[in-house]
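Chemist: The following block contains the structure, expressed as structure tokens.
The values are calculated or read from the model by the stated rules, or taken from the named source; none is laboratory data. Just so you know, these numbers come straight off a predicted model, no measurement behind them. Please note: Cβ atoms are built from the backbone with ideal geometry, for glycine as well, and neighbour counts cover all protein chains shown.
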Amino acid sequence: MRSTKTIHVVSAHAEGEVGDVIVGGVAPPPGETIWEQSRWIAGDGTLRNFVLNEPRGGVFRHVNLLVPPKHPDADAAFIIMEPEDTPPMSGSNSICVSTVLLDSGILPMKEPITELTLEAPGGIVRVRAECRNGKAERIFVQNLPSFAERLNAKLEVEGLGTLTVDTAYGGDSFVIVDAAAMGFRLSPDEAHDIAKLGVRITNAANVALGFHHPENPDWKHFSFCLFAGPVERTGEGLRTGAAVAIQPGKVDRSPTGTALSARMAVLHARGQMKLEDRLTAVSLIGSTFSGRILGTTTVGDRAAVLPEISGRAWITGTHQHMLDPSDPWPEGYRLTDTWGAR
Ligand SMILES: O=C(O)[C@H]1NCC[C@@H]1O
């Protein structure tokens, strides 16, 4: 066996969505802040290609790089690598990172509650983990301040006509469409059509509407399209279906923590969700994230909410990714049979 690199990974999924964690073998990238380091990772591309592309990765995979925190309050920091983006924050990935940090013993676990401060590229997120018998059973994440950007905007999508959409930020940027108006019940057999349409809607929104974050001028595109189900009031609070199309054309298996945060910001802006409400989002595989609004704030001149999301994650294995110097595809490859909405 010979290798020019060895990257140590603990693999995990949060409510169905893969979020692997690199725990060793990669030196911290250059940059004064975690955001700058994440821009370096995005611009350089080598690590992203190595772990996300085939033969080591696949369109279903997200990978998080643990790096030493820069903020004095933070216990750990992570850079999120998604199939197309290197985003400010991610719900499923932050839940995977927290679970791996605690379940694998990288950070000490205190039962029944462990509190952590994590530094994501977009800022500090506080984590509360319910722990029992050495397992972090549920992770609560105080996500980045989230805001509604446009409500009831008109968006022309070729072949679909004029859609009425909302746009919002929940740690990442969303164009939100009404699932029922698009003819979806949000059942698992619709995944392929949701992925295909979602990418077209996201691309159209990027051309016609554009996204603007008042405090992060680097993040100027929509990453995702959320197909939002109707909100029902149940004995346990509010409940809704959620399917998120991720570039270049797959559906999140989890209910998407950033989408839940963005949705809560929109519902709050419309007066349809209050601080005492709980909103549970259900994914296409039937997994759930729960959310609540902890308070209100502003992002630049925008009214915003402080969302908390919670969900569960499980470790699925460990890997040592290696590179034989004679491998003709050191950065891997992507083909449109799986990498892209067909
Ligand atoms: O839960 C989330 O926010 C995410 N899941 C995969 C893509 C998004 O970052």
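Chemist: Does the stretch 178-190 contain at least one residue that is part of a loop (DSSP other than H, G, I, E, B), closer than 24 Å to F60 by Cβ and either assigned by TED's automatic domain parsing to the domain that holds N93 or of a type in the set (F, W, Y) (or both)?
Modeler: Pass one, the stretch 178-190, residues part of a loop (DSSP other than H, G, I, E, B): 179, 183-187.
Within this subset, residues satisfying the condition of being closer than 24 Å to F60 by Cβ are 179, 184-187.
Going one step further and asking which of them are either assigned by TED's automatic domain parsing to the domain that holds N93 or of a type in the set (F, W, Y) (or both), we end up with 184.
Yes, that holds for at least one residue.
Chemist: Go through the stretch 21-78 and report how many residues are without any contact (Cβ under 8 Å) to a residue 24 or more places away in the chain, within 20 Å of D218 (Cα to Cα) and out of contact with any Pro (no Cβ under 7 Å at 6 or more places or on another chain).
Modeler: Residues meeting the conditions: 5.
Chemist: From V9, V21, which residue is under 15 Å from the mean Cα position of the chain (by Cα) and closer than 28 Å to L335 by Cβ?
Modeler: Working: V9 fails: under 15 Å from the mean Cα position of the chain (by Cα).
After applying the criteria, what remains is V21.
Chemist: For the stretch 81-97, name all the residues that are within 7 Å of the ligand (Cβ to nearest atom), outside any loop (DSSP other than H, G, I, E, B) and in contact with a helix residue (DSSP H, G or I) (Cβ under 7 Å, 6 or more places away or on another chain).
Modeler: G91, S92, listed by residue number.
Chemist: Please go through the stretch 115-151 and pick out each residue that is part of a strand (DSSP E or B) and without any contact (Cβ under 8 Å) to a residue 24 or more places away in the chain. Break it down into steps so the answer makes sense when it comes.
Modeler: Narrowing the stretch 115-151 to residues part of a strand (DSSP E or B): 115-120, 123-132, 135-142, 146-151.
Once the filter is applied, which keeps residues that are part of a strand (DSSP E or B) and without any contact (Cβ under 8 Å) to a residue 24 or more places away in the chain, the stretch 115-151 yields E115, R126, R128, E130, R132.
Chemist: Please go through the stretch 223-259 and pick out each residue that is in a loop (DSSP other than H, G, I, E, B) and under 15 Å from A195 (Cα atoms). Even if it seems obvious, please write down each step before you answer.
Modeler: We begin by selecting, within the stretch 223-259, every residue in a loop (DSSP other than H, G, I, E, B); these are 223, 229-231, 235-236, 247-249, 252-256.
Matches in the stretch 223-259: S223, Q247, P248, G249, D252, R253, S254, P255, T256.
Chemist: Working carefully through the options D189, D252, find the one that is farther than 24 Å from D301 by Cβ and in contact with a helix residue (DSSP H, G or I) (Cβ under 9 Å, 6 or more places away or on another chain).
Modeler: Details: D189 fails: in contact with a helix residue (DSSP H, G or I) (Cβ under 9 Å, 6 or more places away or on another chain).
The unique qualifying residue is D252.
Chemist: Exactly one of (1) exposed (fewer than 13 other Cβ atoms within 10 Å of the Cβ); (2) closer than 25 Å to A12 by Cα is unmet by T338. Its number?
Modeler: Answer for T338: the failing condition is (1).
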